[in-house]
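The values are calculated or read from the model by the stated rules, or taken from the named source; none is laboratory data. Small disclaimer: the values here were computed from a predicted structure and weren't measured. Note: ideal-geometry Cβ built from the backbone for every residue, glycine included; neighbour counts use all protein chains shown.
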Amino acid sequence: MLTSVHSEHRPPDQPPRPASRTGRARWGGALLGAAVVLALAFWGDAPVDAWVRAHRQSPWLPLAWWVTHWSDWPELLLLVGAFYGLAVWRRRVRWRQLAAAMAVGLLVVGGSSTLIRSVTGRTRPNATAVPGWYGVRHDGRWLIGRSDFNAFPSGHMGAMMGVVMPLILGTRRGRLPGVLAAILMAWARVFTWYHHLSDVVASAILGVVLGTWLWRRWGWGAKATPRE
């Protein structure tokens, strides 16, 4: 009877939409939304930079410096390695999968952010050069690897997004800490005047897109045992 009821509510001339088409539509909508968010972030660069400049003596600045100093690639790798060691010690297969996903995300998202920022040539808010986008070479000098000209997108933020996306996608208890860690990193990089708002927003978008793709492509979400 249940089958007949469903069949009566499904018009014979309207077959279900193919999963691939639905997936493309979702990705297209997500990318369009990301473009709008990034455009708004570029619009907000000037007022946010001005606000940060006016709060250079804030009592919160030491916390921002501490976060940005202890949340770079080496520290995040050590954190992921410690989590993997804990998973092995506790014999938690699911934790090992999460640690592997976090390590791959750190390398892929963080590496992509670093590669892109090496060629955009965007100046940092605290740079002495005239603000702008200079590309890979300017005034007879290569700008790859020159920190003042490697702001967009944020490498720190990309690395953090690579680490937290498996927690957000694959756990319930880790979602809120993952989101808070990403927000804290974005705030710290902007508040220490190393990045514009759009720099960290671009890395966040890159992290969501690449992190989601990696999670689905590698099938980490389907590898948990029934007990776990």
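From the list Pro153, Pro177, the one residue that fits, being assigned to a helix (DSSP H, G or I) and under 30 Å from Trp215 (Cα atoms), is Pro177. In this structure, Ala39 qualifies as modelled with pLDDT of 95 or more, surrounded by fewer than 16 Cβ atoms within 10 Å (Cβ to Cβ) and out of contact with any strand residue (DSSP E or B) (no Cβ under 8 Å at 6 or more places or on another chain).
Ser113 passes every criterion in (1) outside any loop (DSSP other than H, G, I, E, B); (2) under 24 Å from the mean Cα position of the chain (by Cα); (3) surrounded by fewer than 20 Cβ atoms within 10 Å (Cβ to Cβ) apart from (3). Please find, within region 67-81, the residue that is surrounded by the fewest Cβ atoms within 10 Å (Cβ to Cβ) out of those that are within 24 Å of His196 (Cβ to Cβ) and touching a residue at least 60 places away in the same chain (Cβ under 8 Å). The qualifying residue surrounded by the fewest Cβ atoms within 10 Å (Cβ to Cβ) is Asp72.
Comparison of Trp95, Trp89 shows that the only residue that is assigned to a helix (DSSP H, G or I) and out of contact with any helix residue (DSSP H, G or I) (no Cβ under 6 Å at 6 or more places or on another chain) is Trp89. Only a single criterion out of (1) in contact with a Ser or Thr (Cβ under 9 Å, 6 or more places away or on another chain); (2) hydrophobic (A, V, I, L, M, F, W, C); (3) within 20 Å of Ser113 (Cβ to Cβ) is not satisfied by Leu76, namely (1).
What are the residues in region 116-139 that are of a type outside the set (Gly, Ala, Ser), surrounded by fewer than 17 Cβ atoms within 10 Å (Cβ to Cβ) and not in a strand (DSSP E or B), if any? Correct list: Val119, Asn126, Thr128, Val130, Pro131, Val136, Asp139.
Taking Val119 as the residue in question, decide whether it is in contact with a helix residue (DSSP H, G or I) (Cβ under 7 Å, 6 or more places away or on another chain) and not basic (Lys, Arg).
On the way: in contact with a helix residue (DSSP H, G or I) (Cβ under 7 Å, 6 or more places away or on another chain): no; not basic (Lys, Arg): yes.
Against the criterion (in contact with a helix residue (DSSP H, G or I) (Cβ under 7 Å, 6 or more places away or on another chain) and not basic (Lys, Arg)), Val119 does not qualify.
Residues are listed down the side, and each one gets a yes or a no for (1) more than 17 Å from Leu197 (Cβ to Cβ); (2) small (Gly, Ala, Ser); (3) part of a helix (DSSP H, G or I):
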| site | (1), (2), (3) |
| --- | --- |
| Arg24 | yes, no, yes |
| Trp27 | yes, no, yes |
| Leu32 | yes, no, yes |
| Ala39 | no, yes, yes |
| Phe42 | no, no, yes |
| Phe83 | yes, no, yes |
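Picking from residues in region 144-166 that are buried (at least 22 other Cβ atoms within 10 Å of the Cβ) and among the aliphatic types (A, V, I, L, M), the one that is nearest to His196 (Cα to Cα) is Ala151.
Which residue out of Arg137, Arg141, Arg172 is farther than 25 Å from Val119 by Cα and at pLDDT below 95? Steps first, please.
Working: Arg137 fails: farther than 25 Å from Val119 by Cα; Arg141 fails: farther than 25 Å from Val119 by Cα.
None of the other options fit; the residue is Arg172.
In region 172-191, the residue that is farthest from Asp148 (Cα to Cα) out of those that are crowded, with 22+ Cβ neighbours inside 10 Å and not small (Gly, Ala, Ser) is Met185.
Looking at region 193-217, which of the residues that are of a type in the set (Val, Ile, Thr) and over 20 Å from Leu98 (Cα atoms) is surrounded by the most Cβ atoms within 10 Å (Cβ to Cβ)? Let's see the steps before the verdict.
Let us first name the residues in region 193-217 that are of a type in the set (Val, Ile, Thr), namely 200-201, 205, 208-209, 212.
From what's left, over 20 Å from Leu98 (Cα atoms): 200-201, 205.
Values: Val200: 29, Val201: 25, Ile205: 20.
The extreme case among them is Val200.
Is there a residue in region 158-165 that is touching a residue at least 12 places away in the same chain (Cβ under 8 Å) and either over 23 Å from Trp215 (Cβ atoms) or not in a helix (DSSP H, G or I) (or both)? Checking region 158-165: not a single residue is touching a residue at least 12 places away in the same chain (Cβ under 8 Å) and either over 23 Å from Trp215 (Cβ atoms) or not in a helix (DSSP H, G or I) (or both).
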